[in-house]
Amino acid sequence: PYTTLFRSETMPDMELHISTQANNTNYMTYKFWYDHGIKRVVSARELSLAEISQIRANIPDDMEIESFIHGAMCISYSGRCLLSNYFTGRDANHGACTHPCRWKYSIVEETRPGEYMTINEDDRGTYIFNSKDLCMIEYIPEMMKAGIDSFKIEGRMKTALYVATVARTRSEEHTSEL
């Protein structure tokens, strides 16, 4: 909230957007940010389309909702991961996630140190925390009907070419949906 106050006093024309990490899970949160001069809020990744529709119905028409449409989905609540920082010193909350949720892990029972137990799921190993990649292309019309104004592509740990290709592809598909 201080950032919005500082911005309104020093740069009143600067547009601010609020991250998914701000726990934007209901219309009261959106209204709070709107009252503080925020134009766009990135919805929590955990929200369903029904919940986003409810938010849209209860916020000002000129407030924008942005939601993820493609890319890695973090297993942490609203993308607030602590594992990356703990294991590698690279803070996921500052865009430096090392995706430890996708590493190969073994289980060690405390009374059997050094005895690693695996759970084989495929030839590549077990990924206990493995998150899925999001691909909402087929739901673009429903997302638009729910009141989403902007689609977000998760591009962390990806090359500029990857992000550009996905953005172009999604843009072409989005245009064809209209």
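(1) touching a helix residue (DSSP H, G or I) at 6+ places or on another chain (Cβ under 7 Å); (2) under 15 Å from Asp149 (Cβ atoms): which one isn't true of Tyr34, the others all being true?
(1)
Consider Arg7 against the criteria (1) farther than 25 Å from Gly155 by Cα; (2) touching a helix residue (DSSP H, G or I) at 6+ places or on another chain (Cβ under 8 Å); (3) open to solvent by less than 60 Å² (accessible area, probe 1.4 Å); (4) outside any loop (DSSP other than H, G, I, E, B): it satisfies all of them except one. Which criterion is unmet?
Just one mismatch for Arg7, condition (2).
Would a scan of the stretch 18-25 turn up a residue that is of a type in the set (Ser, Thr, Tyr) and over 30 Å from Ala164 (Cβ atoms)?
Here is the first cut: in the stretch 18-25, the ones of a type in the set (Ser, Thr, Tyr) are 19-20, 25.
Going one step further and asking which of them are over 30 Å from Ala164 (Cβ atoms), we end up with 25.
So far as the stretch 18-25 goes, yes, one or more of its residues are of a type in the set (Ser, Thr, Tyr) and over 30 Å from Ala164 (Cβ atoms).
Considering each residue of the stretch 130-156, count those that are at pLDDT below 70 and surrounded by 14 or more Cβ atoms within 10 Å (Cβ to Cβ), and give that number. Lay out the reasoning, then the answer.
Initial filter on the stretch 130-156 (at pLDDT below 70): 130-132, 156.
Those still in the list that are surrounded by 14 or more Cβ atoms within 10 Å (Cβ to Cβ) too: 130-131, 156.
Residues flagged as at pLDDT below 70 and surrounded by 14 or more Cβ atoms within 10 Å (Cβ to Cβ) within the stretch 130-156 amount to 3.
Conditions (1) of a type in the set (Val, Ile, Thr); (2) open to solvent by less than 80 Å² (accessible area, probe 1.4 Å); (3) under 18 Å from Asp149 (Cβ atoms), marked per residue:
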position	(1), (2), (3)
Pro12	no, no, no
Glu15	no, no, yes
Ile18	yes, yes, yes
Tyr27	no, yes, yes
Ser53	no, yes, yes
Cys81	no, yes, no
His94	no, no, no
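If you take the residues in the stretch 29-39 that are open to solvent by 50 Å² or more (accessible area, probe 1.4 Å) and in contact (Cβ under 8 Å) with a residue 24 or more places away in the chain, which one is farthest from the chain's Cα centre (by Cα)?
His36
The values are calculated or read from the model by the stated rules, or taken from the named source; none is laboratory data. All of these numbers come straight from a predicted model, not from anything done at the bench. Using ideal geometry, Cβ is built from the backbone for each residue, glycine included, and neighbour counts are taken over all protein chains shown. With ligands, DNA and RNA removed, areas are computed over all heavy atoms of the protein, side chains included. Shrake-Rupley method; radii C 1.70, N 1.55, O 1.52, S 1.80 Å.
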